[in-house]
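Inspection log for the structure reproduced underneath, given as structure tokens.
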Amino acid sequence: MADRPPLTLRDLHAIPVTDLKQVGPKVGDRLAMMGIATVLDLLTHYPRRYHDRRNLQQIAALAIGEEATVYGTVKKVSGRRTRQGRSLVEIEIFDDTSYLKCTFFNQPWREKQLSVGTEAAFFGKVEHYRNRRQMTNPVVDVIAEPGLPGADTGVLVPIYPASGKADVQTWQIRKAVGEALDRSALRGFADPLDEVTRAALGLVDRATALHDIHRPESMDGVRAARQRLTFDEFLLMQVRLVARKRTYERERRGVEHVVDGPLVDRFHAGLPFPLTSGQAAAIADVARDLTAPAPMHRLLQGEVGSGKTVVALSALIAAVEGGHQGALMAPTAVLAEQHFLTVRGLVGDLSVPEAGSLLGERPVRVELLTNATPAAERRRVAAGLLDGTVDLLVGTHALIYEGVEFADLGLAVIDEQHRFGVEQRDLLRSKRAGDDRTPDVLVMTATPIPRTAAMLIYGDLDRSELRELPKGRAPILTEVVGPSVLERTAVYDRVRAEVAAGRQAYVVCPLVEGSAKLEAKAASEEFERLAEEELAGLRLGLLHGQMPASDKEAVMAAFRSGEIDVLVSTTVIEVGVDVPNATVMVIEDADRFGLLQLHQLRGRIGRGQHASVCYLLADPRTADGAARMEAMRTTSDGFALAEKDLEIRGSGEVFGGRQSGWTDLKLGRLPRDESTVVEARAVAESLLDADPDLLAHAQLREEVEDAEEKLGDDAEFLFKV
Ligand code: ADP
Ligand code: MG
């Protein structure tokens with residue numbers, strides 16, 4: 001037995017948790033409800049915190065009014081209903097120095113949980129009631145069941161996230177984990193990092209880490225264990241990301257482009273402004289990718305209003321210059337239309353060579369395709385795409401419908417990429433009919449993702465960043481306005497004053513979570529109310545997601561041309577809309593929006609040379625809400641706001657939905673573990689440099705493969721190799 005190899009994660013994954021003697025069918029079912037089915041799940045169900053039994057306060061020494069943690073045995077329990085019909089559970093605990101009473105309101109299950117003899121830690125505020133000290137509704141961690149007074153634990157007692165719903169107690173998990181560790185002790189745990197690497201990184205080995213996180217002798221041991229296990233989480237991700245990126249570069253053949261021909265030159269010469277240095281750098285990054293043999297897969301990340309469109313256009317022109325076609329896909333018809341107008345304005349008088357024609361050239365042909373495009377027009381565009389006479393196609397999801405195929409798609413640009421699904425991006429890339437070469441892809445986002453978070457989510461994309469706004473922009477003043485009528489009136493007076501001065505304004509209506517219909521209704525009502533009251537006499541327009549696309553486009557066109565003074569809308573204006581003459585934005589019920597959403601909304605103003613102001617009408621009732629309003633008031637930098645957002649919410653939520661599958665973090669958190677991410681990235685790169693297929697790192701390779709299998713579907717959105 002002793003010479004059997006150490007246990008791998010795959011081994012642990014193959015053992016059902018019910019094989020443990022400590023886990024009977026009932027506990028097994030409950031653990032399953034918490035997502036713990038295998039011994040691997042169990043061993044990676046890490047303690048939430050630890051109680052140090054030497055450091056607890058003694059009941060006899062508690063002062064009234066202080067917050068304290070005490071550790072005691074339940075001596076008495078009783079449950080009843082108050083006269084108001086509320087449930088009331090009262091218990092007495094004893095810790096060798098004195099007794100303390102704890103009362104629980106509306107927690108009837110405490111009666112069963114805290115039966116006589118149970119040992120538990122209690123955290124709460126010490127109160128004085130009828131001449132006695134007591135705690136009301138303290139936080140409780142059950143340490144041991146009656147009859148087994150903590151005998152199996154050391155001085156540091158791990159407390160597990162024990163799902164109240166699933167009804168598994170922390171001590172039950174502790175005993176199961178204990179058995180799993182004991183029974184693994186003979187073989188130990190296989191370590192994907194060799195001793196030299198561990199020493200260089202100052203990391204403990206995996207067996208020590210798994211032991212010390214569950215059965216620590218000291219908090220230093222806990223810290224070292226967490227550091228190692230956190231590193232493993234990030235390393236696994238980074239190895240997958242780097243490996244994917246390299247496979248992709250190795251195996252795919254790209255399309256060649258011409259980045260310094262006359263068309264590109266004329267496009268740049270014709271720009272009405274000098275490029276910012278960020279734009280110039282991003283254009284150079286893209287040009288390098290476009291001329292490289294492997295297809296480009298680049299993320300362009302840039303603050304709202306930083307001018308991402310120009311970077312995209314210069315790449316699209318390069319595609320056309322090389323004789324290929326380009327596609328630009330945007331999430332909304334409004335935005336697609338705006339891009340279409342921009343593209344046509346900028347390339348309208350450029351020509352491409354045309355063999356056999358009278359002049360030897362023809363004008364660059366740009367087309368728009370949305371759901372509102374009439375069928376006959378759609379057929380005409382589709383035919384032009386297939387015979388290669390359409391050079392650039394701008395549009396919405398309509399671009400990826402059946403029947404749209406490009407003879408020679410050379411570059412696909414996806415704007416506001418976070419609004420698209422993975423499949424949609426892949427579909428666009430697959431629209432090249434001509435041969436099996438892969439079009440270049442540029443995805444753009446205004447979501448300011450902190451650098452390390454981007455390393456997690458977009459670790460296999462090359463990245464360019466626009467951090468500065470074009471010069472000459474007047475700063476945006478942001479004010480948080482309370483709910484009183486007087487304050488609101490002042491805000492709308494300011495809107496009137498701006499309109500009188502020839503400017504335009506946005507009014508953003510409250511978010512209705514989960515119902516676009518109700519949201520549209522609320523916006524329509526607000527539109528009518530404003531038209532009769534605060535903004536009577538002004539030319540108002542209404543925009544919401546339930547309107548037909550053609551109506552939306554008409555309203556936007558009217559707003560763009562200045563025929564509408566104030567645009568009352570839902571968040572459909574959130575992305576990309578560009579009307580430099582708009583200088584005021586009023587956001588109603590602003591505290592209901594997320595921080596980054598507010599930032600993106602605010603980015604609609606401050607795009608011209610006139611000073612802009614953003615009013616956040618808010619009455620925040622939560623600390624988070626108030627913190628968000630304050631962050632908006634004091635910060636205009638999207639990256640700084642993204643960091644604040646991360647702090648307010650924690651990284652778990654930032655990787656919502658499918659992305660949480662990809663990251664699969666149990667311990668790792670951003671921004672706290674930033675340096676670990678950077679370290680893991682470097683280790684992943686040097687490992688794969690020396691050993692591209694991880695032949696000499698079998699254990700690590702196995703873990704990477706298993707992660708691919710488990711999370712693969714979620715991960716496919718980054719790369720489909
Ligand atoms: P976003 O990055 O939010 O998509 P846009 O590409 O829509 O930003 O650009 C915002 C506005 O800034 C547009 O009106 C655009 O014409 C203008 N713009 C872009 N680059 C520059 C520049 N270098 N100097 C001045 N204005 C610029
Ligand atoms: Mg944009």
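The values are calculated or read from the model by the stated rules, or taken from the named source; none is laboratory data. The structure displayed is predicted, hence computed values, not measured ones. Positions of Cβ are backbone-derived with ideal geometry, glycine not excepted, and every protein chain shown enters the neighbour counts.
Each residue in region 434-449 was checked for being within 16 Å of ligand 1 (Cβ to nearest atom) and modelled with pLDDT under 90, and 5 pass.
Scanning region 263-273 turns up no residue that is within 16 Å of ligand 2 (Cβ to nearest atom), aliphatic (A, V, I, L, M) and within 19 Å of LEU442 (Cα to Cα). Among the residues of region 628-642, the ones that are surrounded by fewer than 17 Cβ atoms within 10 Å (Cβ to Cβ) and not β-branched (Val, Ile, Thr) come to 5 in all.
Does GLU534 count as over 31 Å from the mean Cα position of the chain (by Cα) and more than 19 Å from LEU601 (Cβ to Cβ)? When the stated conditions are applied, GLU534 passes them. The single condition among (1) in contact with a Cys (Cβ under 8 Å, 6 or more places away or on another chain); (2) farther than 20 Å from LEU601 by Cα that SER569 does not satisfy is (2). When you scan region 462-518, how many residues do you find that are touching a Cys at 6+ places or on another chain (Cβ under 6 Å) and either within 16 Å of ligand 1 (Cβ to nearest atom) or farther than 25 Å from VAL572 by Cβ (or both)? Selection size over region 462-518: 1.
Out of GLY514, GLY576, one residue alone is at pLDDT below 85 and surrounded by fewer than 18 Cβ atoms within 10 Å (Cβ to Cβ). It is GLY514.
Apart from one condition, ILE476 fits all of (1) within 16 Å of ligand 2 (Cβ to nearest atom); (2) touching a strand residue (DSSP E or B) at 6+ places or on another chain (Cβ under 6 Å); the exception is (1). Which residues, taken from region 217-268, are among the aromatic types (Phe, Trp, Tyr) and farther than 30 Å from GLY345 by Cβ? PHE231, PHE234, TYR248 - these are the residues of region 217-268 that are among the aromatic types (Phe, Trp, Tyr) and farther than 30 Å from GLY345 by Cβ. Summed over region 281-309, residues that are β-branched (Val, Ile, Thr) and either more than 16 Å from ligand 2 (Cβ to nearest atom) or under 19 Å from LEU641 (Cα atoms) (or both) total 2.
Per this entry, THR309 is not counted among residues that are in contact with a helix residue (DSSP H, G or I) (Cβ under 7 Å, 6 or more places away or on another chain), within 13 Å of ligand 1 (Cβ to nearest atom) and over 24 Å from ALA454 (Cα atoms). Within region 584-636, restricting attention to residues that are touching a strand residue (DSSP E or B) at 6+ places or on another chain (Cβ under 7 Å) and hydroxyl-bearing (Ser, Thr, Tyr), the residue that is farthest from ALA523 (Cα to Cα) is SER636. Restricted to helices (runs of 4 or more DSSP H) entirely inside region 194-254, those with at least 3 residues that are modelled with pLDDT under 90 are 219-251. Within region 318-339, being more than 15 Å from ligand 1 (Cβ to nearest atom) and among the aliphatic types (A, V, I, L, M) holds for ALA318, ALA319, VAL320, ALA327, ALA333. The set of residues from region 493-509 being in a loop (DSSP other than H, G, I, E, B) and touching a helix residue (DSSP H, G or I) at 6+ places or on another chain (Cβ under 7 Å) comprises just one member, CYS509. Here region 491-511 is the region considered, the condition is being over 15 Å from ALA590 (Cβ atoms) and out of contact with any strand residue (DSSP E or B) (no Cβ under 8 Å at 6 or more places or on another chain), and the residue that is surrounded by the most Cβ atoms within 10 Å (Cβ to Cβ) is ARG496.
Inside region 410-433, residues that are assigned to a loop (DSSP other than H, G, I, E, B), within 16 Å of ligand 1 (Cβ to nearest atom) and not acidic (Asp, Glu) make up a count of 1.
Considering each residue of region 38-61, count those that are surrounded by fewer than 18 Cβ atoms within 10 Å (Cβ to Cβ) and over 20 Å from LYS175 (Cα atoms), and give that number. Of the residues in that region, 7 qualify. Is it the case that region 482-489 has a residue that's surrounded by 13 or more Cβ atoms within 10 Å (Cβ to Cβ) and closer than 27 Å to GLU563 by Cα? Yes. Among the residues examined, PHE267 qualifies as within 16 Å of ligand 1 (Cβ to nearest atom) and of a type in the set (Phe, Trp, Tyr).
Of the strands (runs of 3 or more DSSP E) entirely within region 60-132, those holding at least 3 residues that are modelled with pLDDT under 90 and of a type outside the set (Gly, Ala, Ser) occupy 67-81. Those strands (runs of 3 or more DSSP E) of region 310-387 in which 3 or more residues are modelled with pLDDT of 95 or more occupy 325-329, 366-369.
So for region 353-367 (the condition being over 23 Å from GLY307 (Cβ atoms), in contact (Cβ under 8 Å) with a residue 24 or more places away in the chain and of a type in the set (A, V, I, L, M)), does at least one residue qualify? No, because not a single residue in region 353-367 is over 23 Å from GLY307 (Cβ atoms), in contact (Cβ under 8 Å) with a residue 24 or more places away in the chain and of a type in the set (A, V, I, L, M). Would you confirm whether or not region 87-99 contains a residue that is farther than 30 Å from ASP11 by Cβ and in contact (Cβ under 8 Å) with a residue 40 or more places away in the chain? Checked region 87-99: at least one residue is farther than 30 Å from ASP11 by Cβ and in contact (Cβ under 8 Å) with a residue 40 or more places away in the chain. The sole residue among ALA398, ALA412 that is surrounded by 19 or more Cβ atoms within 10 Å (Cβ to Cβ), more than 24 Å from the chain's Cα centre (by Cα) and modelled with pLDDT of 85 or more is ALA398. Among the strands (runs of 3 or more DSSP E) confined to region 434-492, the ones with at least 1 residues that are under 30 Å from VAL258 (Cβ atoms) are located at 440-445, 462-466.
Here is the figure for region 276-306: residues that are more than 10 Å from ligand 1 (Cβ to nearest atom), touching a Lys or Arg at 6+ places or on another chain (Cβ under 6 Å) and part of a strand (DSSP E or B) total 1.
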